[in-house]
Every structure is written in structure tokens, then in C-alpha cells.
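K.L.:
Have a look at the structure that comes next, please.
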Amino acid sequence: MNTLDKKLNDYFAGYVVRKDLVKLVKGNAAVPSYVLEFLLGQNCATDDEEQINAGVERVRSILAKHYVQRAEAGAIRSDIKQSEYKRIIDKVSVSLNEKRDVYEATFENLGISKVLVSSDTVKKNRRLLVSGVWCIADLAYATNESRDESPYILTGLKPIQMSRFDFDGFIERRAYFTEDEWIDALVRSIGLDPEQLGRRAKLFQLTRLVAYCERNYNLIELGPKGTGKSHVFSEFSPHGILISGGEVTPAKLFVNNSTGKIGLVGYWDTVAFDEFAGKSKKPKSDIVDIMKNYMANKSFSRGIEQVTAEASMVFVGNTSHDVSYMINQTDLLEDLPTVYHDPAFIDRLHAYIPGWEMDIIRGDMFSSDFGFIVDYLAEALRVMRPVDYSGEIDKFFELSSSISTRDRDGVIKTCAGLMKILFPGRDATAEETAEIVEFALEMRKRVKDTLIRIDETFERVDFAYRPKAGGAWKNVATLEELDYPTTYHSLDKVPWNSSWESDETAKIVTTSPEDVPAEEPSALRSKNSVPSSDAQPKTASAPKAGHLTLRENQRGTSYEKLFGLYLDGAHNVIVIDPYVRTFHQCRNLMELLEVIIRHFKYDAPTINVHLITAPDEYSDSKQEDYLQKIQESMAPMGLNFTWKIDDSGTLHARHLKVDDMWDILLDRGLDIWQRFDSNDAFSIEGRMPEMRRVKAFEVTYMKIGQECQ
């Protein structure tokens, strides 16, 4: 059990469960994860392995005895008839039979209907009236001669969800965790292994949860297939519903005008539309008009009266092209049905998750460690829905006055939702808040940049913020701007002034601070001026001291671009990195040595490169073998490669020292690339480092003997 497992069991005893247990008990039972974790939480919420194993067997037994398989429905109906009563697990929906003035239940898998339900049961569980709820139900059988009445009698019904939630205790326990620990605990709770995800990917996962804790939040995510876009909305919470196919009638979603019955938005916290994208889809215009009004005003018409609702709307779907095609040829929402590819609809979206940045879900990405029982976390999010966290941003920062009201609403709602998820005790620092503000600005800017590309009536604005006490404005760019600087604005309907560079541009250029242009005040900028994206690194005639920051998932860099100028004509290089151990880490070192050779002037017999690293802790390590092969490969090229394995346990710093002239500090060492298949001869990432996505990292260039300016 690792440190985080222990803390979760210490402070949230009874509310955490080992996430791999769901796979052990699910078998062929087609039930959501929150149903299984509800049962596991009652039987396996402990860190004692013996009790866990016993609990798993109990849950398996419960499912075997009570879960209704469709193929066995007839046999189970017979069992109910022949016994006093039988307990089952099934999805139950209820409707009002107005002719008989009674509520009648339908059991989805069992295949029975018109089972009488008391009014008290319906009052306590109103979601039974819309699309159904997974329940533990007790059914009996009594023969009757009425055609309109079922012989099955409901003697007990318990929805599979928590009966109460201690929010104060939740906040109190949260205080014992660092921000990083808390994020990892939440990612585990979703079912993923945080060790397999970068910081940015974790925030994307948590942004999907904002719809559960923030009322009337409108979110869209488009991306490749297999990235888990719909998982959170189908498996995570009993308070959300996923509509497959992405199409629904106004009567089902909002209101049936003939009966006055309120639709899904009146009963669910989150309504998600799966497979929403697809140009061939032709939803009726009436649903689009009602949806636009609801997304903007939180209300819809029922006859002559206006009805308000709080359900968040989430739209997920697949893209038919990669991001480079969309940037260079169309737009990032090109795959929406024509009636939804409408500026009025798009402008009502608060945030856009770039699904193309999410990894395809692999088997090794699932967590086998402890995380919250999803029902417990779902209740925590639900309790926070009516609570206003929008003021948390104002404690430290102000947003640019140029952004529109809808831009501001989108940014603030995303910030407020993430604050609820990460800092429910309202105790975020200025630095922690800044990260959330930047992330929210980028998510909304992706929406606004799409609008500018398809509609000339939208004005460019500054997606910027600054400390409330004053100071320089910090402009935010989307990652697509950084990856495609020359074409990102090429199809915009609104003219783009490329002469101005944003803060993001300055970050990727290896220059000293005096080379970075001072920020132009917003008031002096022309109406159509806009921060440019991260351009490619500028060509410099000589290396200079400075600092470089790259975002997670950014493209366009390589060891040549990072270090080439500083290695030009070098004779002695020392590489200090405690993590040159595994195959891919040694491969990274080999790529660096290739750059060093390209810049060797051959004005000396050899160039010396010395590596100082730490030993691999695994007994079957091939670290020494890899380094030996590198040495043999480099020797004929005039590169004398040597190494030292430092087993003191004190080696932590990571940097390059070049000819006693430059000390280049690397916060991640050489391990800067996101995972890619280096064994695939046809992989562009393997052939061109610039096409790889990077982990977030920083580099500081210091001239030895001088302070970094």
C-alpha cells in the first residue's frame, strides 16, 4: 500500500475502495460502475486484504443471486411467483397512469410493467419518473384477475445511492491532502491511474466532472474514438444521464406540451449527449432553438409560462479529421451537425475540451489503487451544486475588461467548478488559483477562436488576467496556437494582426528577458489585434541566458532546438540526470549525443561527454548494457562517452554543463516526451522529434560565472 492509499484509508475510511475490484466482480453484468462500487463500498471498504477478498465474494454472490440477466428473466419471474418474495437488482422506471390515478413501475431487465408504486416512494425518488434508476427491489407475487393490474407487488425499493452525506467532514478531511495528492485521488476515483497521465490530462479529466457540481454548465468535447469521452457520464454518477445517439425530442428533454410533463432537464443534474457530432445528422430545428434558449437563460417555455431548470448540458462526439486538418482547412467544430454549427449555439458553450489531446484508453491506464467510491464523490459534487464559488477568483485576480459577458461567464463557471472539485474548503493559494484561471481561459478561448473563424461579427478580445493588486496582464493562448502558429488564424473571418506577440510566444524563445518585447496595453491595441500563438523558436545568432517554458502536450521542439546553439563547437559536456536508466531514457540520451556530434567542429581529436546518473532499482536492469552500447556506437564518430553510476541517493539535480561556459538547468532532465511508439518504423513521432508531444517542463540557460539576466 503506497502513501496515498494509506492516507485515503486513514481519513476516508469506509468511503474508498480498490478500483481494480470492479473488474473482478462485474463479469457479464451490464450495470454501471457506480452500482458495483455501491455494493463494493458496503462490503470491501477496508485495507485488510482478507476482508477485501471476503467482500468481493459477497458482492459476487449478491450479483449472482439478485442481478437480473435479461436471458434469465423468465426464470426469475417464476422464482418470484413460487417464493414469499425475491430481492432483485434492476433498472426501474415509473410513470403515472392518469386513468387509474396510480404510479406504475417498469423493470427493464425483468421485463414486467404496471407494478404499483406508492406515492411516497415516488416523492422520495423523483428520478424514477424519468428514464429510470438502478434499484434494489423486493418483489412478491399475488394472483389477481384484473387486466390492468400486475400480479407483482413491490414490497421494498432502495435506489443505489448514498442516503446522506457529511459535507463538513468532507472538507475537513480534504485539508490533510496536498493539491497533487487530491488530484491523484480524484483521478483514481474516475478509474484511471494518475501515474499514466500528465498534469494537463488530469485537469481535462476533472473538467468533465464540473457539469456535476456546477449548475447550467455547458461543455463540449470532440476528439478521436476510444478516449473515454462518455465514460464519466454513463458510469460515474447516479445524478447524470447519457443519451446515446445524440438525438432527443423536445418533449423528452424539456417539456411535453400536451401533458405538461417536465423532461430530463428537470430531473437530472447533467444531461450528456453521446455521438453528438456527425454532419449527416439532421436534428429538428425546434429542439435546437429551445436548447439555445435554455443554455443561455436556464429556462424554457411550457405553454404560456417559463420553466427554469438547473441541468448542465454536455456534448461529446468523434472528430473525422485530425487537429492539423481542422486548423488548416476548416475549424475545430466542423463535425457538428449543420444546425448546431451555428454561432448562436457555439457561443453558449462555456468550455471546449480538446479530445485530440487525450490518449486512447489502454489497459495499463486503469487504476488498481484506492480511490473514492464513485457514489460518495458523486454526492460530494451534488452537494456543492447550489454553492457559489465564483468569488474565489476575485480574491487574487481580475480578468481583462475586453472579454465579452459570455466569455466571462464561461471562464468563471469553469473556474468555480474546478475550485469546488479541487479546493472545496476555499483555501487555494494565489499560485494554485492562477493555474485554474489560465486553464479556464484557454478552454473558453478555444470556443471564441472557433467563432471568429466562422463569423465575422465576433470581435477579438484579450483572454488575459492579472493580479488584483495590479501589474502586468498575462495573455493566454490555446495549445493549438502554439502548435500551428502560421496557420491558426489564417482562415479567420476577423482580420488578424500578427505583429503583436503574446506572453506565450516569449516563453518558447531561448532569449534573455531584454529581448522579449514589453506588453502592449490593451487600451492601445487596435480592435482587431490579437495575441499571436507560440511561434516557432526564433533563429538566434548566439546563445543567450534565459528561461524557457513549454506546456504539456505542446509540439514543435527537439533537442536540436533546445540545445543546438549552446553545443556549437563544444568539446566537453557533462550530463547530470538521475533518470537515465530504462530503454526510452537511454534512447533520449542517444538523441542528445546525435545533436552534440552535429555541432562538433572537429577542431580537436575528440569531444568528451560524461554522464552522471543514478542506478536502476530493478534487479533485471539493462542500464549498464544500454550505456555500453551507446559508448561503442559513439566511439567511431570521435565522441568519447563515459559514465558514472552515483548510488549515494543524493543525486537530484538535472542539468547540462557545456565547456565550463553554460549550465543548462533541466527540471525534467532529458525525459521530456510524452509516450510514443519508438519501435514503429512508420511513426512520424519516431522520425521527427518536433512532432512529439512533450510533458510540461522548463529550461534555464545560465552562463557560468554570471547571473542569469
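K.L.:
Order 442-454, 145-157 from most to least packed using the mean count of other Cβ atoms within 10 Å.
P.N.:
442-454, 145-157
K.L.:
Please report, to one decimal in angstroms, the Kirkwood hydrodynamic radius of segment 410-456 built from all distinct Cα-Cα pairs.
P.N.:
That comes to 11.5 Å for segment 410-456.
K.L.:
While we're looking at this one, here's another question. Hey, which lysines would be in cross-link range of residue 629, C-alpha to C-alpha under 19 Å, not counting anything within fewer than 8 residues on its own chain?
P.N.:
Cα-Cα hits under 19 Å: 644.
K.L.:
Report the FRET efficiency, 1/(1 + (r/R0)^6), for residue 175 and residue 61, where r is their Cβ-Cβ distance and R0 is 35 Å, rounded to 0.05.
P.N.:
Once the sixth-power term is evaluated, E becomes 0.35.
K.L.:
Under a straight-distance cross-link criterion of Cα-Cα below 23 Å, which lysines are reachable from residue 6, leaving out those fewer than 8 residues away in the same chain?
P.N.:
Leaving aside lysines fewer than 8 places away in the same chain, those within reach of residue 6 are 19, 23, 202.
K.L.:
Could I get the Rg over Rh figure for segment 256-332? Both from C-alpha atoms, Rh via Kirkwood, rounded to two places.
P.N.:
Rg/Rh: 1.08.
K.L.:
Further question: For segment 257-301, state the semi-axes of the equivalent ellipsoid (square roots of 5 times the eigenvalues of the alpha-carbon gyration tensor), sorted largest first and rounded to whole angstrom.
P.N.:
20, 14, 12
K.L.:
Sequence gap at least 6, Cα distance under 8 Å: using those rules, report the relative contact order of segment 174-320 to the nearest whole percent.
P.N.:
With pairs under 8 Å counted, the relative contact order is 28 percent.
K.L.:
A follow-up question, please. Ignoring everything except DSSP H segments at least 4 long, calculate the 222 nm mean residue ellipticity for the chain; use -39,500 (n - 2.57) per segment, divide by total residues, nearest 500.
P.N.:
Rounded to the nearest 500, it is -9500 deg cm²/dmol.
K.L.:
Mean projection of the alpha-carbon convex hull of segment 535-693 over all orientations, in nm²?
P.N.:
The number I arrive at for segment 535-693 is 10.3 nm².
K.L.:
Evaluate E = 1/(1 + (r/R0)^6) for residue 456 and residue 108, where r is the Cβ-Cβ distance and R0 equals 51 Å; express this FRET efficiency to the nearest 0.05.
P.N.:
0.55
K.L.:
Lysines near residue 445 by alpha-carbon distance under 18 Å, same-chain residues fewer than 8 away left out - which ones?
P.N.:
Within reach: 413, 474, 493, 527.
K.L.:
I need the fraction of alpha carbon pairs in segment 398-477 separated by more than 23 Å, rounded to a whole percent.
P.N.:
22 percent
K.L.:
Also: Evaluate segment 157-278: find the radius of gyration of its Cα atoms, find its Kirkwood radius, and give the ratio Rg to Rh.
P.N.:
1.02
K.L.:
Given 4 °C and 1.567 mPa s, how large is the Stokes-Einstein diffusion coefficient of the chain in µm²/s, with Rh as the Kirkwood radius over Cα pairs?
P.N.:
Translational diffusion coefficient: 45 µm²/s.
K.L.:
Arranged from highest to lowest average of other beta-carbon atoms within 10 Å per residue, in what order do the peptides 564-576, 209-221 appear?
P.N.:
209-221, 564-576
K.L.:
Based on alpha-carbon positions alone, could you give the equivalent ellipsoid semi-axes of segment 41-155 from the gyration tensor, as √(5λ), descending, whole Å?
P.N.:
One finds semi-axes of 30, 18, 11 Å for segment 41-155.
K.L.:
Computing the accessible area with a 1.4 Å probe over protein heavy atoms, can you report the carbon and sulfur percentage for segment 136-265?
P.N.:
45 percent
K.L.:
Okay, moving on. Rounded to a whole number, what is D in µm²/s for segment 1-77 from Stokes-Einstein with the Kirkwood radius over alpha-carbon pairs (20 °C, 1.002 mPa s)?
P.N.:
Answer, rounded: 160 µm²/s.
K.L.:
Magnitude of the Cβ-charge dipole of the chain, K/R +1 and D/E -1, about the Cα centre, nearest 20 debye?
P.N.:
Once rounded to the nearest 20, the dipole reads 2360 debye.
K.L.:
Moving on to the next point. For segment 599-694, what percent of Cα pairs sit more than 20 Å apart?
P.N.:
Across segment 599-694, Cα pairs with separations above 20 Å total 57 percent.
K.L.:
Here's another thing I want to ask about it. Name the residue from 586, 596, 557 whose Cα lies farthest towards the positive end of the charge dipole of the chain, charges +1 on Cβ of Lys and Arg and -1 on Cβ of Asp and Glu.
P.N.:
Going by the Cα projections, it comes out as 557.
K.L.:
Now for a different question. Evaluate 2.2 N^0.38 Å with N set to the residue count of segment 212-360, then give the Cα radius of gyration divided by it.
P.N.:
Compactness ratio reported: 1.04.
K.L.:
Considering only protein heavy atoms and a probe of 1.4 Å, how much of the accessible area of segment 270-348 is carbon and sulfur, as a whole percent?
P.N.:
The value for segment 270-348 is 47 percent carbon and sulfur by accessible area.
K.L.:
Continuing with the same structure: If I fit a long axis through the Cα atoms of helix 33-43 and take the longest principal axis of the Cα atoms of the chain, what angle between them do I get, 0 to 90°, rounded to 10?
P.N.:
Relative to the chain, helix 33-43 is tipped by roughly 80 degrees.
K.L.:
Taking only the C-alpha atoms, wrap a convex hull around segment 216-261 and report its volume per residue in Å³ as a whole number.
P.N.:
Considering the Cα atoms of segment 216-261, their hull volume per residue is 112 Å³.
K.L.:
Could you state the angle between the C-alpha long axis of helix 179-190 and the longest principal axis of the C-alpha atoms of the chain, as a value from 0 to 90 degrees rounded to the nearest 10?
P.N.:
50 degrees
K.L.:
Let me ask something additional. As a test, work out the antiparallel percent of DSSP beta bridges whose residues both lie in the chain, rounded to the nearest 5.
P.N.:
Looking only at bridges with both residues in the chain, the antiparallel portion is about 65 percent.
K.L.:
Specify whether the C-alpha gyration tensor of segment 292-365 places it in the rounded, prolate or oblate class, a ≥ b ≥ c being the square roots of the eigenvalues: rounded for a/c under 1.5, otherwise prolate if a/b is larger than b/c and oblate if not.
P.N.:
oblate
K.L.:
Using the heavy atoms of the protein chains and a 1.4 angstrom probe, tell me the accessible area per residue for the chain in square angstrom.
P.N.:
44 Å²
K.L.:
Nearest 10 degrees is fine. How inclined is helix 285-297 to the longest principal axis of the chain, computing both from alpha carbons?
P.N.:
70 degrees
K.L.:
Report, to two decimal places, the Cα Rg of segment 342-428 normalised by 2.2 N^0.38 Å (N = number of residues).
P.N.:
1.38
The values are calculated or read from the model by the stated rules, or taken from the named source; none is laboratory data. These numbers come from a predicted model, not from an experiment. Positions of Cβ are backbone-derived with ideal geometry, glycine not excepted, and every protein chain shown enters the neighbour counts. For accessibility, only protein heavy atoms count, side chains too; no ligands or nucleic acids. Shrake-Rupley method; radii C 1.70, N 1.55, O 1.52, S 1.80 Å.
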